[in-house]
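Accompanying notes for the structure given below.
The values are calculated or read from the model by the stated rules, or taken from the named source; none is laboratory data. Nothing here was measured: the structure is a model prediction, and the numbers come from that model. Cβ atoms come from the backbone with ideal geometry, glycine included; neighbour counts cover every protein chain shown.
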Amino acid sequence: MSINDATVAVTEELAARDDMIICEGVDKWYGDFQALKGVSATIKEREVVVVLGPSGSGKSTWIRCINRLEQHQGGRIIVDGVELTNDTRNIEKIRSEVGMVFQQFNLFPHLTVRDNITLAPIWARKKPRAEAEALATQLLERVGIPEQADKFPGQLSGGQQQRVAIARALAMEPRVMLFDEPTSALDPEMIKEVLDVMKDLARGGMTMIVVTHEMGFAREVADRIIFMESGEIVETGTPEHFFTSPEEDRTKLFLSQIL
Amino acid sequence: METTQLDTQTTTESNVAVRPEEPSLPPLEWMQRNLFGGGQGSIWAVARSSALTIVFTLLGLFAYQQLLNFIFSEETDWNSVRVNLRLLFTQAYPESDYHRVWISLGLVLILSGVGLGLMKVGQGISMKKIATWCVGWGGLVVLGVFLRQPSVLVGDDGTPLLADADGVPLARDGLGTLVYLDGSPAPSQGLSVVRESYGDAIASRSGWLLIGLVLIGLAAAIWFGLGDKRRRSTFLPAIPFSLAGIGALISTTWWYNWGNYTFSADEETGVSGFNFEPGVKVAETTRNPWTIMFVVLVGAYLLGRRLRGSAFEPRLKGLLTLGWFLAPFITFFAILRGPEFDWGYVAAVDVPLWLAFGIGGAALMWVLTKPGIGELGRVLAVLVLAIAAFTWIAAFFGWFGMLQKVRLSFLLLGLAALLAPNFIGEARQRLTLVYGWIGTITVFHVMVTIINTPSSIEVPTEDFAGGFMVSIYVTVFTLLFSFPFGVLLALARTSRLPIFRLLATIYIESFRGVPLITMLFFFTVFVNLFLPKGMELALLAAVTIAFVLFSAAYLAENVRGGLQAVRRGQYEASDALGLTTVQRTGFIVLPQGLRVSIPPLVGQAIATYKETSLLAIVGVFDFLRMARDIIPNQPEFLGERKPALLFICVVYFVGAYAMSKYSQRLEKNLGVGER
C-alpha cells in the first residue's frame, strides 16, 4: 500500500491491526559484553515508537538488529511475519520492507542526490528508471528540497542531507522506518526541518521506531515510548504516562537529568 | 578597496568571484624573501638561507653545464640517434608495411583528439604562468649560451685541432703525423684539443642568445603590459595552445632545413651505411605522415569540441571508452601484424561457431531474463558454467579435441548467465543484456580469429614489434589485464569468505616477494616446460603474462588501501537499502575506493611503464636494448652508447610525466561533489 493514503487517527486503528515487529528475548553480545539482555517488544502497524535511554543503553543496537545490520545471538525477531534468520532470502525480504535513517546520513558521496534515491529502487526493486526518477522527484518534493536533485551530497547542508537520506529510504516503499538518532549530528537550526519531515511521515501512518534525544518530538509524535538502560527495556508507556508519572526509579533519574 | 574578509565568507554559487589574492611581489622582493631569508630578522637566518641558495644554485648550474657540454660536444655523435630513430621506435619493422604503424598511431590520435575535445574546459593557462615559463626557459637558454664551454676547433679534414701542453697549436703533415706549424716534430703526450675563444663562442651562438632574449622579452611584455590582476585573470585555452605549438613544430618540416638522415642497407651485398645530408628538408616519408597525423588530431579534437554538450555526447563517451579498450588489440593484432586469413577456414569454422554462440547465447539470455524465471534461471546458469568447467577438465585429461575458442566461449556464456538475474525486467532491460552478449561474443570471436592467424609481417627477429613500440604495448596490455585482476584480488582479500581471503593473500604476498626480473626469467624459460605438448608461449606473451601477474599483486594492495578508506556507514546504508553484495561492491564501494586509489594506481602504472625496460635483459628487442646493445654494435656507431641512452631517458620521461599530469587532472575532475 502507498504510504500516502491513510490519514485515519492512528490510535483507534491500533488494536485492529496485525503486529508489525515482534521481538522476543533478543540477546546480543559484543565479545563478552552483553549489549541486549532479553529485549521483548511488539510494534503494531502504524505505530510510532520512540526509544529513549542514556548512551550505551543498547537503543541503536536493538534497532540495528531489526534489519540485520547487527546479528542477534538469542531470541527471535519477526518482521511482518518473516523471521530474521541466517537465510539470506529472509534478510533480503526484511531489508526491502524496512527503511533506515542513520545518524551520519551515510549518503553516497559519489552519486547525485537523484542517483542516491533511485539506485536501490532500480537495482534492488527492478523498477524502470523513468518510474524510479518520477518517484525520486515526488519524494524530494515531499521532504522539501526538489531543487537539489542534481547536486552531490557534499554540496548540501546537514539538514538537507538527512532529508535526502529519508527520501532515499522511502524510495524503497518500506512498511517500517527505523531512525537511528537522525538529528544528533545536526546543527540546532537544522534539527527542526528534519523533525518536520518525520512528523509528516508519522501523520501519514508510517510504522516508525525512532531512537532520539529530542524529547519534544517524543512527546508530540510518539504513540509509545520505550525506555532502555543497560541493554534492557526498563519502562514502556504513552508519552503522557512516561513524562508525567514514570514508575521506575531509573526512568525518573534519566528524566531528571535530561529535562 | 572595500573587499575585506566579508568577501571570503560568501561561498554561494551566485558569487563566482575568486578569493581575493595577495598581490604578487615584485621579483626582487620575491627573491629577497624566498631565497635569501629576508624578513626573517636574524642575521643567521639570512646567512643560512643565502648560503643554501648559493650552494644549490652552483650545483644546479654545474650539472646544467655538464649536460650542455655533452649534448653539444663535437664528440657526441647524435647521428647515431637521428639515423636510428626508426630502429629505436619500431625495430626492423619493414618499410613497405610502415603505413600500418601510421594507421595505428592515427587511430590512437583520433581517440585522444575526440577525448580532448569532449573534456571539460578548465580555466586554461594564465598569462602570469606563461610569463613565468617564458622567463624560465629564456633564462635557461641565455644561461646555457654563457655556460657551455667553447667549441672545439676542427680542421679541414674534420678532425679536431690539437695543441701541446703549452697550448702551441699543432698541425698534420702530409703523412698525417702531428708536427708543429714550423714542421718540427710534436710531442706525443700532453696534447689537448684547441677551443675557440670565449668571445667567438658567444658570437657563434648568437642565434640561441636571440631566442633566449626574445623569450625573456615576451615575458617582460606580458608582465609589464598587463597589470597584476589582468595577467592573473587572462587565460589562454590550454589545449588549443598546445595544439598550436605542436602544429608550429610540425610546420617547420615544410620550410626549415633540418637535414635528412637515412640508413641504407644494401640487401644483396649486406653493406649498410648511413647518409647524412645537412641543409635539406626532411624526407617526405617523415614529413607527410606527421602532417597527416596532426591534421587527424586537430580534426578529431574539433569533432569532439563540436559534439560536446550535444545529445550524442553520452553515447560518444561510451564509444570512446570501448575504443580505448579495443585499440590495443586492434592496432597490435589486426593492423601491425597484418594477419593472413585463410578465408576457407574462416567460412567453414570461425563464422559458424560465431553464429552458433551468438544466436544460441542471445536466446539463452532472453530466456534467463524472463520475469519470474526464479530458481530455474540459477540452475541454467550453473549448468552452463558446469559445461564450461567440463570442457576445461576434458582438455586437461585430453579426452576430446576442441578449439580453445569454444572453451572460452562457454566460459563467457556462463559468466553472462550469472549476470542475467540483474537484467530481469521489461523488454528494454532484457534486450540490453542480449545486445551486450552479441557485441561481446562478436568482438571476442573476431579478436581470437585474428590472433590465431599468422602474421604477414616479416622481420629478422621472432617478434614483429620491437623498440619503443613493444615497450608501449607491453605497458598497455599489462595495465589492461592487471587492473581488473588486481581489483578482483583486492576484493577477494577483503572478502568475508576465508577461502578467497587466504588465496588472495597467498598470491599477493608471494608475487610481491619475488623480484620482477626473476619472474620474467621464470616465464620466458620455465613456463614452456610446463605447458602441454604442442602449446608454446611466444616470448612477448610470456613476458606480458609475467608483468600482468606481478603488477596485479601491487595494484591489489593499492586498491585494498582505497577500499579500506570507504567508511563503514556506506556498507550499512547499501545493506539497509537491500542492495546485494555485488551491487554494493560495484556501485558504492569500488567507485569510492578506486577514487582514493588513483594516485598510487597511477604511480603503479608509471612504474610498469618504466619497468618494461627490463625486457632488454630477457631478450626482447625493446627500447632500451636498441639504445644499449644494437646501436653501439652498428659498424658506423661502434661503441656510441651515450646519445641514444640520453635520448631514451627523455622519451621515457615525457611519457611518465604525461601520465602523472593526466592523473592530476583525473583526480581534480573526480573530486567533484566530494568535500
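Can you pull out every residue in segment A:50-73 that is touching a residue at least 60 places away in the same chain (Cβ under 8 Å) and within 12 Å of chain B (Cβ to nearest Cβ)?
Within segment A:50-73, A:S60, A:I63, A:R64, A:I66, A:N67 qualify.
Within segment A:111-131, which residues are surrounded by fewer than 22 Cβ atoms within 10 Å (Cβ to Cβ) and over 30 Å from A:I77 (Cα atoms)?
Correct list: A:L111, A:T112, A:R114, A:D115, A:P128, A:R129, A:A130, A:E131.
Out of (1) loosely packed, with under 15 Cβ neighbours inside 10 Å; (2) farther than 30 Å from B:S112 by Cα; (3) in contact with a strand residue (DSSP E or B) (Cβ under 7 Å, 6 or more places away or on another chain); (4) of a type outside the set (G, A, S), what's the single condition that is false for B:F274?
(1)
So B:L579 clears everything in (1) under 30 Å from A:R89 (Cβ atoms); (2) at the interface with chain A (Cβ under 10 Å from one of its Cβ atoms); (3) part of a helix (DSSP H, G or I) except one condition, right? Which one?
With respect to (1) under 30 Å from A:R89 (Cβ atoms); (2) at the interface with chain A (Cβ under 10 Å from one of its Cβ atoms); (3) part of a helix (DSSP H, G or I), B:L579 is out only on (3).
How many residues, within segment B:140-170, are free of Cβ contacts under 8 Å to residues at least 60 places away in the same chain and exposed (fewer than 15 other Cβ atoms within 10 Å of the Cβ)?
Filtering segment B:140-170 down to residues free of Cβ contacts under 8 Å to residues at least 60 places away in the same chain leaves B:146, B:150, B:153, B:155-159, B:161-170.
From what's left, exposed (fewer than 15 other Cβ atoms within 10 Å of the Cβ): B:146, B:155-159, B:165-169.
Total meeting the criteria: 11.
From the residues in segment B:547-576 that are farther than 30 Å from A:A171 by Cβ and polar (S, T, N, Q), which one is nearest to the other protein chains (Cβ to nearest Cβ)?
Only one residue tops the list, namely B:N558.
When segment B:585-627 is examined, which residues are found to be hydrophobic (A, V, I, L, M, F, W, C) and under 28 Å from B:W78 (Cβ atoms)? Quick ask: steps written out before the conclusion?
Kept after step one, since they are hydrophobic (A, V, I, L, M, F, W, C), are these residues of segment B:585-627: B:587-590, B:594, B:596, B:598, B:601-602, B:605-607, B:614-618, B:620-621, B:623-624, B:626-627.
Correct list: B:I606, B:L614, B:L615, B:A616, B:I617, B:V620, B:F621, B:F623, B:L624, B:M626, B:A627.
With B:T585, B:T505, B:T544 as the choices, which residue is assigned to a helix (DSSP H, G or I), in contact (Cβ under 8 Å) with a residue 12 or more places away in the chain, out of contact with any Gly (no Cβ under 7 Å at 6 or more places or on another chain) and within 14 Å of chain A (Cβ to nearest Cβ)?
Exactly one residue qualifies, and that residue is B:T585.
Within segment B:395-416, is even one residue out of contact with any Pro (no Cβ under 7 Å at 6 or more places or on another chain) and within 14 Å of chain A (Cβ to nearest Cβ)? Walk me through how you get there before you give the answer.
Here is the first cut: in segment B:395-416, the residues out of contact with any Pro (no Cβ under 7 Å at 6 or more places or on another chain) are B:395-416.
Keeping just the survivors that are within 14 Å of chain A (Cβ to nearest Cβ) gives none.
Looking for residues that are out of contact with any Pro (no Cβ under 7 Å at 6 or more places or on another chain) and within 14 Å of chain A (Cβ to nearest Cβ), one finds none in segment B:395-416, hence no.
Wholly within segment A:76-142, which helices (runs of 4 or more DSSP H) include no fewer than the required count, namely at least 2 residues that are more than 8 Å from every other protein chain (Cβ to nearest Cβ) and under 12 Å from A:R168 (Cβ atoms)? Show your work before the answer.
Values: elements: A:88-97, A:113-123, A:129-142.
Because the criterion is at least 2 residues that are more than 8 Å from every other protein chain (Cβ to nearest Cβ) and under 12 Å from A:R168 (Cβ atoms), the helices (runs of 4 or more DSSP H) in segment A:76-142 that meet it are A:113-123, A:129-142.
Residues that are more than 14 Å from every other protein chain (Cβ to nearest Cβ), touching a Gly at 6+ places or on another chain (Cβ under 6 Å), surrounded by 15 or more Cβ atoms within 10 Å (Cβ to Cβ) and assigned to a helix (DSSP H, G or I): does segment B:417-434 have at least one?
Residues of segment B:417-434 more than 14 Å from every other protein chain (Cβ to nearest Cβ): B:417-418, B:434.
With touching a Gly at 6+ places or on another chain (Cβ under 6 Å) added as a condition, the list becomes none.
No: segment B:417-434 contains no residue that is more than 14 Å from every other protein chain (Cβ to nearest Cβ), touching a Gly at 6+ places or on another chain (Cβ under 6 Å), surrounded by 15 or more Cβ atoms within 10 Å (Cβ to Cβ) and assigned to a helix (DSSP H, G or I).
Please specify each residue of segment A:224-259 satisfying the condition of being outside any strand (DSSP E or B) and under 22 Å from A:N67 (Cα atoms).
Narrowing segment A:224-259 to residues outside any strand (DSSP E or B): A:230-231, A:238-259.
Correct list: A:S230, A:G231.
Listed residues B:L355, B:L383, B:L376; which is part of a helix (DSSP H, G or I), under 42 Å from the mean Cα position of the chain (by Cα) and loosely packed, with under 13 Cβ neighbours inside 10 Å?
Working: B:L383 fails: under 42 Å from the mean Cα position of the chain (by Cα); B:L376 fails: under 42 Å from the mean Cα position of the chain (by Cα).
Unique residue meeting the criteria: B:L355.
Take B:R625 and decide whether it is within 12 Å of chain A (Cβ to nearest Cβ), in a helix (DSSP H, G or I) and either surrounded by 19 or more Cβ atoms within 10 Å (Cβ to Cβ) or not β-branched (V, I, T) (or both). I'd like the intermediate steps shown before the answer.
Values: within 12 Å of chain A (Cβ to nearest Cβ): no; in a helix (DSSP H, G or I): yes; either surrounded by 19 or more Cβ atoms within 10 Å (Cβ to Cβ) or not β-branched (V, I, T) (or both): yes.
Taking the combined requirement at face value, the residue does not satisfy it.
Only residues that are more than 16 Å from B:P237 (Cβ to Cβ), in contact (Cβ under 8 Å) with a residue 12 or more places away in the chain and surrounded by fewer than 17 Cβ atoms within 10 Å (Cβ to Cβ): list them for segment B:299-321, please.
B:G299, B:L303, B:E313, B:K317 - these are the residues of segment B:299-321 that are more than 16 Å from B:P237 (Cβ to Cβ), in contact (Cβ under 8 Å) with a residue 12 or more places away in the chain and surrounded by fewer than 17 Cβ atoms within 10 Å (Cβ to Cβ).
Pull up segment A:143-155, narrow it to residues that are more than 10 Å from every other protein chain (Cβ to nearest Cβ) and free of Cβ contacts under 8 Å to residues at least 12 places away in the same chain, then point me to the one that is nearest to B:T580 (Cα to Cα).
A:P146
Listed residues B:F241, B:F235; which is touching a residue at least 40 places away in the same chain (Cβ under 8 Å) and touching a Gly at 6+ places or on another chain (Cβ under 6 Å)? Outline the logic, then answer.
Values: B:F241 fails: touching a Gly at 6+ places or on another chain (Cβ under 6 Å).
One residue alone meets the criteria, B:F235.
Taking the condition more than 25 Å from B:I335 (Cα to Cα), exposed (fewer than 14 other Cβ atoms within 10 Å of the Cβ) and of a type outside the set (S, T, N, Q), does B:G439 pass? Spell out how you get there, then give the answer.
Numbers: more than 25 Å from B:I335 (Cα to Cα): no; exposed (fewer than 14 other Cβ atoms within 10 Å of the Cβ): yes; of a type outside the set (S, T, N, Q): yes.
Here the answer is no, as B:G439 does not meet what is asked.
Can you tell me which of (1) assigned to a helix (DSSP H, G or I); (2) closer than 23 Å to A:G53 by Cβ is the one A:F179 doesn't meet?
Answer for A:F179: the failing condition is (1).
Would you call B:L181 surrounded by 13 or more Cβ atoms within 10 Å (Cβ to Cβ) and farther than 30 Å from B:M127 by Cα? Write out each step before concluding.
On the way: surrounded by 13 or more Cβ atoms within 10 Å (Cβ to Cβ): no; farther than 30 Å from B:M127 by Cα: yes.
No, not satisfied.
Restrict the check to segment B:174-195 and report whether at least one residue is farther than 30 Å from B:L226 by Cβ, part of a helix (DSSP H, G or I) and either of a type outside the set (K, R) or modelled with pLDDT of 80 or more (or both).
At the first step, the residues of segment B:174-195 found to be farther than 30 Å from B:L226 by Cβ are B:174-195.
Filter again for part of a helix (DSSP H, G or I), leaving none.
Within segment B:174-195, not a single residue is farther than 30 Å from B:L226 by Cβ, part of a helix (DSSP H, G or I) and either of a type outside the set (K, R) or modelled with pLDDT of 80 or more (or both).
Can you go through A:V164, A:V210, A:V176 and tell me which one is β-branched (V, I, T), buried (at least 21 other Cβ atoms within 10 Å of the Cβ), within 14 Å of chain B (Cβ to nearest Cβ) and within 13 Å of the chain's Cα centre (by Cα)? If you could, list the steps in order and put the result at the bottom.
Working: A:V164 fails: within 13 Å of the chain's Cα centre (by Cα); A:V210 fails: within 14 Å of chain B (Cβ to nearest Cβ).
On inspection, the qualifying residue turns out to be A:V176.
Identify, please: which residue in segment B:650-675 is at pLDDT 85 or above and exposed (fewer than 12 other Cβ atoms within 10 Å of the Cβ) and is, among those, farthest from B:L87 (Cα to Cα)?
Per the stated criteria, the residue is B:K661.
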